[in-house]
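What follows is one structure encoded as structure tokens, with my remarks underneath.
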Amino acid sequence: MDKIVINGGKKLEGKVRISGAKNSALPLMAVSLLAPGEYRLREVPLLKDIDTAATLLSQLGVRLERKNHDIIMDSDGLNCFEAPYNLVKTMRASVLVLGPLLARLGKVKVSLPGGCAIGVRPINLHLQGLEALGAKITLQHGYIEAEAKKLKGAKINFDISTVTGTENLLMAASLAEGITILKNAAKEPEVVELANVLNKMGARIRGAGTNTVKIEGVKELKPTDHTIMPDRIEAGTFMIAAAITHGDIMITNCRPVHLDSLITTLKKTGVDIIPENTGIRVKGSKKIKSVNIKTSPYPGFPTDMQAQIMTLMTVADKESLITETVFENRFMHISELRRMGANIRVNGHKALVTGVPWLEGAPLMATDLRASASLILAGLKAEGSTEVSRVYHLDRGYENIENKLSNLGAEIKRITEYT
Ligand code: EPU
């Protein structure tokens, strides 16, 4: 198992290019199931989750070829409608095959995902939505089985804004008969991107990015060629790397408009953020000011940046109240940050972070993807050496992070341990 070793205290400077967005690439890979023909996705990040999605699609009968950051897919030979337990347990986003397989084949069988490190994460809203479109759903032996001869448009009101739930419904309703209205749809940029790509393929989706999305079902869709948008969470993580090391980083291949709430928050902490032609320049200040943060669905402060901003707040000047409203158990990084000297008190889904002058390097254990990133950031700041183990979480969502950080001047290396 690999671990990352960081010798902290280096100021980060230079340029970093952001990779394609994992959470956009995953639904766009599932799109290839909707209709036969050759799809090409460009700028697909080289990540463990993408490997898992590729394995799943191959098992379903999709011909899949990877050339560096390009993936070419063709589902002409689609011959299976099952997402097995061993893949769904590795990556929950495997449930994104539910909508497209049901729409294309009239049936689908997907292992019911269990809880994960950050919360219970049920998929009841995906299933209720598909039921509203006419699917008959049964749960047996840990698997969801859904069947529908032909999906029919319906009005669906999501109780909670769900990203992959909205994505599943967008894909399924695109091939349904009649009109589907999604109320309280997720507005995340990755959802809007999916709707845009589906429209490029011949779908008729209006209102993506707002609360209400209207999908007029079409008879068929045609394949497409698409470049994955930059990963806003990776960009945000590098912005905090600049802030916490009082560095000066130019972040290229990023869309500041997707980072509005983070940029507003970082400016309040004293960070200088300068939009330039090729990206954004982030200059950390000597003194980091404490700010309060509450996560919420887009355009609110992203839950996927909560752990990273908490690390920044551990070395800020006063107290910061961080409230997590999206997932019920996304504070696993706190016990590790405390081991580095951070002063954090937790009460339910609120964490009170009192800034300390410095963090101390320590051996740490990553518990989930974004928690891993927060520990790497803490290691960049800390005095002495920090070792982050269970790096496989990090590899699910950050392409080559140690090389990117090392190019910015960090003293960081990966050590492969053979057991
Ligand atoms: N929820 C339900 N029922 C459902 C669906 C969701 O109760 O049927 C609840 C969840 O338990 C959670 C909230 O609704 O409390 C929001 O969950 P959502 O469905 O939006 O999350 P997701 O679609 O499973 C995606 C991202 C996550 C990101 C969340 C929130 C992908 C592949 N994953 O997950 O990304 O945290 O939206 O923005 O898009 C990550 O990249 O590290 C990551 C976890």
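The values are calculated or read from the model by the stated rules, or taken from the named source; none is laboratory data. Everything numeric in this text was worked out from a predicted model, so none of it was measured. When we count neighbours, we look across all protein chains shown, and the Cβ atoms used for this are built from the backbone with ideal geometry, even at glycine. These area figures cover heavy atoms from the full protein model, side chains too; ligands, DNA and RNA do not enter into them. Shrake-Rupley method; radii C 1.70, N 1.55, O 1.52, S 1.80 Å.
The table that follows gives values for the structure above.
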item	result
Any hit, the stretch 364-376, residues being over 22 Å from residue 51 (Cβ atoms), surrounded by 24 or more Cβ atoms within 10 Å (Cβ to Cβ) and out of contact with any Leu (no Cβ under 8 Å at 6 or more places or on another chain)	no
Qualifying helices (runs of 4 or more DSSP H) (wholly inside the stretch 175-272; at least 2 residues being in contact with a His (Cβ under 6 Å, 6 or more places away or on another chain))	189-200
Tally, over the stretch 354-412, of residues that are of a type in the set (A, V, I, L, M, F, W, C), under 18 Å from residue 20 (Cα atoms) and not in a helix (DSSP H, G or I)	0
Condition check for residue 404: under 23 Å from residue 24 (Cβ atoms), out of contact with any Gly (no Cβ under 6 Å at 6 or more places or on another chain) and more than 14 Å from the ligand (Cβ to nearest atom)	yes
Enumeration of residues in the stretch 9-32 that are open to solvent by 10 Å² or more (accessible area, probe 1.4 Å) and either assigned to a strand (DSSP E or B) or away from the ligand (no atom under 16 Å from the Cβ) (or both)	9, 10, 11, 13, 14, 15, 17
Criterion: touching a Pro at 6+ places or on another chain (Cβ under 8 Å), more than 19 Å from residue 220 (Cα to Cα), open to solvent by 10 Å² or more (accessible area, probe 1.4 Å) and not small (Gly, Ala, Ser) - qualifying residue of 187, 109	187
Odd one out for residue 62, checked against (1) touching a Ser or Thr at 6+ places or on another chain (Cβ under 7 Å); (2) open to solvent by 40 Å² or more (accessible area, probe 1.4 Å); (3) not charged (D, E, K, R)	(2)
Within the stretch 309-332, tally of residues that are surrounded by fewer than 22 Cβ atoms within 10 Å (Cβ to Cβ), more than 17 Å from residue 367 (Cα to Cα) and either free of Cβ contacts under 8 Å to residues at least 12 places away in the same chain or within 16 Å of the ligand (Cβ to nearest atom) (or both)	3
Failed condition for residue 6, given (1) within 16 Å of the ligand (Cβ to nearest atom); (2) in contact (Cβ under 8 Å) with a residue 40 or more places away in the chain; (3) closer than 19 Å to residue 401 by Cα; (4) open to solvent by less than 40 Å² (accessible area, probe 1.4 Å)	(1)
Filter result (over 17 Å from the mean Cα position of the chain (by Cα) and surrounded by 22 or more Cβ atoms within 10 Å (Cβ to Cβ)) within the stretch 161-184	169, 170, 171, 172, 173, 174, 175, 176, 180, 182
Single residue of 278, 252 found to be touching a Gly at 6+ places or on another chain (Cβ under 6 Å) and surrounded by fewer than 19 Cβ atoms within 10 Å (Cβ to Cβ)	252
Per-region count, the stretch 291-308, residues of a type in the set (S, T, N, Q), surrounded by fewer than 24 Cβ atoms within 10 Å (Cβ to Cβ) and more than 9 Å from the ligand (Cβ to nearest atom)	2
